[in-house]
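Every number in this text was worked out from the coordinates using simple rules, so none of it is lab data. What you see is a predicted model, and the numbers here were worked out from it, not measured in a lab. FYI the Cβ positions are ideal-geometry reconstructions off the backbone, even for glycines, and counts take in every protein chain you see.
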2 protein chains.
Amino acid sequence: MVYIVLNFPSPLVGEGSGEGGEVMETISIGKVAKKLGINIETIRYYERRGLIKAPPRKESGYRQYPAETVKRIQFIRHAKELGFSLKEIAELLSLRIEQGVTCGDVRKRAEAKIADIEERILNLQRMKNALSKLAKECKGRGPVSECPILEALEK
Amino acid sequence: MVYIVLNFPSPLVGEGSGEGGEVMETISIGKVAKKLGINIETIRYYERRGLIKAPPRKESGYRQYPAETVKRIQFIRHAKELGFSLKEIAELLSLRIEQGVTCGDVRKRAEAKIADIEERILNLQRMKNALSKLAKECKGRGPVSECPILEALEK
DNA sequence: ATAAACCATGTACTTAGGTACAGAGTCAAG
DNA sequence: CTTGACTCTGTACCTAAGTACATGGTTTAT
């Protein structure tokens, strides 16, 4: 396959070795993957899903990621670990002023997310307390025969 | 199909209308599902996965759930909402003294879970702070053009 | 200049966590 | 005593979130 060849000097740097005259520091998809400990395919998947915008390419067609996008991918991963779905993460990432989005709307959505997160924190704290109690009881030799965390999240 | 018929009076009550002489209050799978707002199939799925033990049956083969199991299912659902996987939830539910499990082991596992949860709480708090800041900036009319939550979870 | 290592696209496969029937037996209300 | 609502087992299907090739161009280190 032949890739479209840009007929003007690319503003990308790439190659890591930071010589002078750079416009934007970028790294290859493989480097991003290694740096974040994820698969190359996952990064391309996020692009397909629209979670990150398509990065600029080299003349060869190779993706070259600017630092901003790398940070964005890292955010996605961390949020994922926290239990957010990709859909929720997309919502979080869209919380900013853009064309056709009012400030009030952003604030409203942010506040809804905050309430949601507070709820989760509360429940995690309940879970933590239940586990602490369990660990303590266990130290005290009491017979912990029932399932003691069941009460943790009762609302 | 013919189900195994128990040839002794069942100790179950069922049917909801609490007459005297009950040994264990139990409810049908449909009632459990409605009560918890989940599908019947999900409950059976949890049974197949070993997250809940197979409940006693009526002579007809119908499952009859004791309150304890209902609580357990509810716990699973809440923990799921918090972002725990079914595997993690199984681990949480197994945190108790049983045959062949030492108290020290349970304590160790509980403490590991606690550390894990604390980490999550911290990250959620970071996310919340970032969102609060975003909402505040938005109130103040500042141009929130960049993506301001990216910094939220940087470690 | 050539092999080893990368990367591109496209398509298929996987795993987790359910959901949705089909076909058949059971229960409860009129 | 029948009809509609439940439940059973088993199997197939579904969505989310990746993962794994196959095939073919690109880069780089020797």
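Segment B:36-59 and segment A:48-76 have Cα centres separated by 44 Å.
For the peptide A:103-110, the mean number of other protein chain Cβ atoms found within 10 angstrom of a residue's Cβ is 5.
Just the Kirkwood number for segment A:78-122, please: inverse of mean 1/r across all distinct Cα pairs, in Å, one decimal.
After inverting the mean inverse Cα-Cα distance, the result is 11.3 Å.
For residue A:26, the residues whose amide H sits under 5 Å from its own are A:13, A:14, ignoring neighbours fewer than 5 places away on the same chain, with H placed 1.01 Å from N. Diffusion of segment A:36-155 by Stokes-Einstein, at 37 °C in a medium of 0.692 mPa s and with Rh set to the Kirkwood radius over alpha-carbon pairs, works out to 182 µm²/s. Relative to the other identical copies, residue A:36 shows label-point distances of 3.5 nm, where the label point lies 7 Å from Cα along the Cβ direction and values run shortest first. 3J(HN,Hα) along segment A:29-35, derived from phi through the Karplus expression 6.51 cos²θ - 1.76 cosθ + 1.60 where θ = phi - 60°, amounts to 4, x, 5, 4, 4, 5, 4 Hz, with x in place of Gly and Pro.
What the phi angles of segment A:57-70 give under the Karplus curve with 6.51, -1.76 and 1.60, with θ = phi - 60°, is a coupling list of 10, 7, 4, 6, x, 5, 5, 10, 8, x, 3, 4, 5, 4 Hz, glycine and proline written as x. Of the trypsin sites (Lys or Arg not before Pro) found in segment B:60-144, those in coil by DSSP whose Cβ has at most 10 other Cβ atoms within 10 Å are B:141.
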